[in-house]
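Here is the structure we will look at.
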Amino acid sequence: MDNITILGIESSCDETAASVVRNGREVLSNIISSQIDIHTLYGGVVPEIASRKHMERIDRVVDAALKEANTSIEDVDAVAVTYGPGLVGALLVGVSYAKSYAWALNKPLVGVHHIEGHICANYIENKELKPPFMCLVVSGGHTHLVMVTDYGRYEVLGRTRDDAAGEAFDKVARVIGLGYPGGPKIDKVSCEGNPAAIDFPRAKIADNEYDFSFSGLKSAVLNYLNSLQMKGESYIQADVAASFQQAVVDVLVGHSMDAVTRYNVKDFAIAGGVASNSHLREAMQAACKERDINFYMPSPIFCTDNAAMIAVAGYYEYMAGSLASWNLNAVPALKLGEK
């Protein structure tokens, strides 16, 4: 089959996105309508507001994606949509729209796992990348270390036991006065700080060395700030941010390289919103180079939530014959590998 065109739709959190992708690797359009400005007023994503904004924007976003791609709906072979995990109300908007759209136009429907989408974002700019490879997915809601055994086939080696890395970034940014969204703000201010100024803890999980835990690190930052406040002492914001970020990066890189060594992996990738963090990208690239491992990372635009990654993942699901029924529903706690 030649020139398979997928329309992707993403609405799992606070970005309303649509994209047209050809043959799983060529992005013809990638439209993202972000709600960051709205949710910044509340210090984080408000689910009800996110759902309502998706409803207001999704039709225009899909139309814009088709227009930018110079593609008519008749040229689309299938509609792919994120159906989990994520905010249930936000997911329902995208799923309902995609089902209606596909049904009305007699197009196949493909349900895509959000984390699978992040992993598949690596295929967009790295045409040579193919399974098997290992991928670290780090975002606001997820921290997963995944072995990609084939297209659409995943083995989760480790996942967060509590806070995801991105969630920890947001919480720490809030308490040191940087506000929302925390990830890019900590990344920026850390450049002015000393990453060795404060020795924050690096957690290890006894029963699974590849699992992650960031709640203890978050608590350590809070305890450090509270102790200074009780003594009437001040702190250097950039030093706290840089030291916290270094602790997160050390854990992410350490767990990943331990797994790479044990599994004898030759190709390693990162994905997810936190994968756009400049310090993580540099540290992971250096660690892979030291071990003679091929390292892949999407451009920042494909790290944050977008529909191009959903269309790419949808392409491989479509080619494998993995189509969704009209009973497809939002599954907010969907685990990777479930169908």
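Structural remarks
- Exactly one residue among 203, 168, 173, 104 is out of contact with any Ser or Thr (no Cβ under 8 Å at 6 or more places or on another chain) and either buried (at least 16 other Cβ atoms within 10 Å of the Cβ) or not assigned by TED's automatic domain parsing to the domain that holds residue 310 (or both), and that residue is 173.
- You will find that of 190, 215, the residue that is surrounded by 18 or more Cβ atoms within 10 Å (Cβ to Cβ) and more than 20 Å from residue 86 (Cα to Cα) is 190 and no other.
- Options 87, 92: the member that is of a type in the set (A, V, I, L, M, F, W, C), under 15 Å from the mean Cα position of the chain (by Cα), under 24 Å from residue 46 (Cβ atoms) and not assigned by TED's automatic domain parsing to the domain that holds residue 265: 87
- Selection status of residue 24, assigned to a loop (DSSP other than H, G, I, E, B), among the small types (Gly, Ala, Ser), more than 18 Å from residue 105 (Cβ to Cβ) and modelled with pLDDT of 95 or more: yes
- Selected residue (criterion: nearest to the chain's Cα centre (by Cα)) from residues of segment 142-156 that are buried (at least 22 other Cβ atoms within 10 Å of the Cβ) and either of a type in the set (Val, Ile, Thr) or over 20 Å from residue 310 (Cα atoms) (or both): 143
- Residue within segment 249-265 that is within 30 Å of residue 31 (Cβ to Cβ), surrounded by 18 or more Cβ atoms within 10 Å (Cβ to Cβ) and out of contact with any Ser or Thr (no Cβ under 9 Å at 6 or more places or on another chain) present: no
- Filtered residues of segment 187-215 (kept if assigned to a helix (DSSP H, G or I) and either in contact (Cβ under 8 Å) with a residue 60 or more places away in the chain or within 11 Å of residue 247 (Cα to Cα) (or both)): 187, 190
- When the helices (runs of 4 or more DSSP H) confined to segment 248-339 are screened for residues that are closer than 30 Å to residue 204 by Cα, those reaching at least 1 such residues are found at 278-290, 300-303.
- Residue match in segment 136-154 (condition: assigned to a strand (DSSP E or B), in contact with a Ser or Thr (Cβ under 7 Å, 6 or more places away or on another chain) and among the basic types (Lys, Arg)): no
- Residues that are touching a strand residue (DSSP E or B) at 6+ places or on another chain (Cβ under 6 Å) and touching a residue at least 40 places away in the same chain (Cβ under 8 Å) do occur in segment 163-172, at least one of them.
- Considered as a group, the residues in segment 61-93 that are out of contact with any helix residue (DSSP H, G or I) (no Cβ under 7 Å at 6 or more places or on another chain) and within 21 Å of residue 137 (Cβ to Cβ) include one that is surrounded by the most Cβ atoms within 10 Å (Cβ to Cβ), and that residue is 91.
- The set of residues from segment 227-252 being more than 25 Å from the chain's Cα centre (by Cα) and either among the aromatic types (Phe, Trp, Tyr) or outside the structural domain of residue 171 (by TED's automatic domain parsing) (or both) comprises just one member, 235.
- From the options 58, 49, 32, residue that is among the hydrophobic types (A, V, I, L, M, F, W, C), surrounded by 15 or more Cβ atoms within 10 Å (Cβ to Cβ) and not in a helix (DSSP H, G or I): 32
Residue-wise test of (1) buried (at least 24 other Cβ atoms within 10 Å of the Cβ); (2) over 13 Å from the mean Cα position of the chain (by Cα); (3) within 21 Å of residue 84 (Cβ to Cβ); (4) at pLDDT 95 or above.
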| residue | (1), (2), (3), (4) |
| --- | --- |
| 126 | no, yes, no, yes |
| 135 | yes, no, yes, yes |
| 139 | yes, no, yes, no |
| 186 | yes, yes, no, yes |
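The values are calculated or read from the model by the stated rules, or taken from the named source; none is laboratory data. This is a predicted model, so every value here is computed, not measured. Neighbour counts run over all protein chains shown; Cβ positions are idealised from the backbone, glycine included.
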